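Novice: Sharing a structure, written as structure tokens. Questions coming.
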Amino acid sequence: MMSTLAHSVHPYPPIDPVPSGTARPFWSVMIPTYHCAAYLRHTLRSVLEQAPSADDMQIEVIDDASVQDDPAAIVREMGDGKVSFFRQPTNAGPQANFTTCVQRARGHWVHILHGDDMVRPGFYAAMRRGAEGDAAIHAAFCRVITIDEHNGWLDMSEREQATAAVIPNLIDRLAVCNRIMFPSIVVRRSAYEELGGFHPELFHAADWDMWKRIAVRFRVWYEPQPLALYRLHTMSDTSRLMQTGANITDARRAIEIARGYLPPARARDLSRKAQLHHALYAIELAREGALRGDWASARAQVRAGLGCCASPRVWAAVLGLFIFRHANGQ
């Protein structure tokens, strides 16, 4: 039965259980795509090189009605009969496509791997060790390496803890900022069945909202090895949203939504910390835009940041940005 969190607090789409009698592999690797076929070969190769038998891993590409490329052709070229393909009848948007991924998943554990991201050798073996270690664990994630358009390494996520184990009180960290990148996390399908799909009103922050809901309800295991690769490129949704400040606006909405399900005794404090974090992050992004000479993007980030939190600390950061602009004669 779906929890109160899924059907009354917010309009989370339902995730029905897999019909009885359906053959169920351990893994469902669901690969959402939209105008990223140029990277899909890398994504599929990274999965297929470590995929167990078809009986143990479902692999499916779910295309959100792409019109600029042909992901189906790449699946035919590389899938070798091991990868299925589904195309949305019309463009549904990323969060709805993620929900479709879960709805179509038959496996006990679901990995949503964007069509421009990858996993490193050993990812599924390590995640399975964590997943099978404790029946109370309903999600597992690892450290992430950010890569560029040419697979070059850019950065590595902060290590959450030194050993592979359940993270205690993860929600206290996760409620403030998103510490889980999409390609790095696997989730027990029954968790999605209980919580529902991705929030239809969120765009950039739909994943963060989901991970928070999971962390509030379930134990989450962490692998400190960097086994997932998250791609950042100019055509990505993340890059586009940063140009308008919509990334911060969406995060602000996600913070408001989360107040309804965070632990009541800490919801107010965690929400305030999250607002401050994202406001300061917006000013940091504005400074990066200014360094590139992109003052339109910088102004958009400042507006979004102040809309999230207008504390003296945030205003001081804004003042520092204007001093920088004046000092550089811009």
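No value in this document is a laboratory result; all are computed from the given coordinates. Remember, predicted model here, so these are calculated numbers, not experimental data. Note that we place each Cβ from the backbone using ideal geometry, even for glycine, and neighbour counts take in every protein chain shown.
Novice: Would you pull out the residues with amide H under 5 Å of Ala165's amide H, same chain only if 5 or more places away, H placed 1.01 Å from N?
Specialist: Here Tyr222 satisfy the definition.
Novice: In nm, what is the difference between 0.36 nm times the number of residues separating Trp295 and Thr90 and their Cα-Cα distance? Numbers along the way, then the final one.
Specialist: On the way: separation 205, 0.36 × 205 = 73.80 nm, distance 3.55 nm.
My answer for the length gained is 70.2 nm.
Novice: Once the piece of chain linking Gln68 and Asp55 is laid out straight, how much longer is it, given 0.36 nm per residue of separation minus the C-alpha distance between them? Working shown, then result.
Specialist: Details: separation 13, 0.36 × 13 = 4.68 nm, distance 3.34 nm.
That pair, Gln68 and Asp55, stretches by 1.3 nm at full extension.
Novice: Let me ask you something else. Can you give me the C-alpha center-to-center distance between region 183-238 and region 268-314, rounded to a whole angstrom?
Specialist: If you average the Cα positions of each part, the centres end up 23 Å apart.
Novice: I've got another one for you. If one computes P(r) from the Cα atoms of the chain, what percent of pairs lie at distances over 32 Å?
Specialist: Details: 15531 of 54285 pairs.
In whole percent, the share of Cα-Cα pairs in the chain beyond 32 Å is 29.
Novice: Could I ask something else about it? Modelling each spin label as a point 7 Å along the Cα-to-Cβ direction, I'd like the Asn169/Glu284 distance in nm, to one decimal.
Specialist: 2.2 nm
Novice: Separate question: What is the spin-label model distance, in nm, from Ala316 to Gln243 if the labels are put 7 Å beyond Cα along the C-beta direction?
Specialist: 3.4 nm
Novice: A follow-up question, please. Where does each of His150, His277 land when they are ranked from fewest to most other beta-carbon atoms within 10 angstrom? Before the final figure, lay out the partial values.
Specialist: Working: His150 7, His277 17.
By the 10 Å Cβ count, ascending, the order reads His150, His277.
Novice: What residues qualify as long-range amide H neighbours of Arg87, i.e. H under 5 Å apart, gap of 5 or more or another chain, H built at 1.01 Å from N?
Specialist: Long-range HN contacts for Arg87: Asp63.
Novice: Still on this structure, please answer the following. How much length is gained if the chain between Phe26 and Arg41 is pulled fully straight, taking 0.36 nm per residue apart and subtracting their Cα-Cα distance, in nm to one decimal?
Specialist: Working: separation 15, 0.36 × 15 = 5.40 nm, distance 2.35 nm.
Full-extension gain reported as 3.0 nm.
Novice: Divide by every residue of the chain the summed helix terms, -39500 (n - 2.57) for each DSSP H run of at least 4, and state the resulting mean residue ellipticity at 222 nm, rounded to the nearest 500 deg cm²/dmol. Could you put the intermediate results ahead of the total?
Specialist: Details: 12 runs with 144 residues, N = 330.
Helix-only estimate at 222 nm: -13500 deg cm²/dmol.
Novice: Express the relative contact order of the chain as a whole percentage, based on alpha carbon pairs under 8 Å and six or more residues apart in sequence. Walk me through the intermediate numbers first.
Specialist: Details: 628 pairs, mean separation 61.7, N = 330.
Relative CO of the chain lands at 19 percent.
Novice: Given H placed on each backbone N at 1.01 Å, which residues far from Arg188 in sequence or on other chains put an amide H within less than 5 Å of it?
Specialist: Residues meeting the criterion, in which the H sits 1.01 Å from N, are Val110, Ala139.
Novice: Could you list Met210, Met78 so that the one with the fewest beta carbons within 10 Å of its beta carbon is first and the one with the most is last? If you can, show how the numbers build up before the last one.
Specialist: Details: Met210 30, Met78 15.
So the residues, fewest neighbours to most, are Met78, Met210.
Novice: Further, regarding this structure: How would Val216, Val29, Val144 line up from fewest to most surrounding beta-carbon atoms within 10 angstrom?
Specialist: On the way: Val216 17, Val29 27, Val144 23.
Fewest-to-most ranking of Val216, Val29, Val144: Val216, Val144, Val29.
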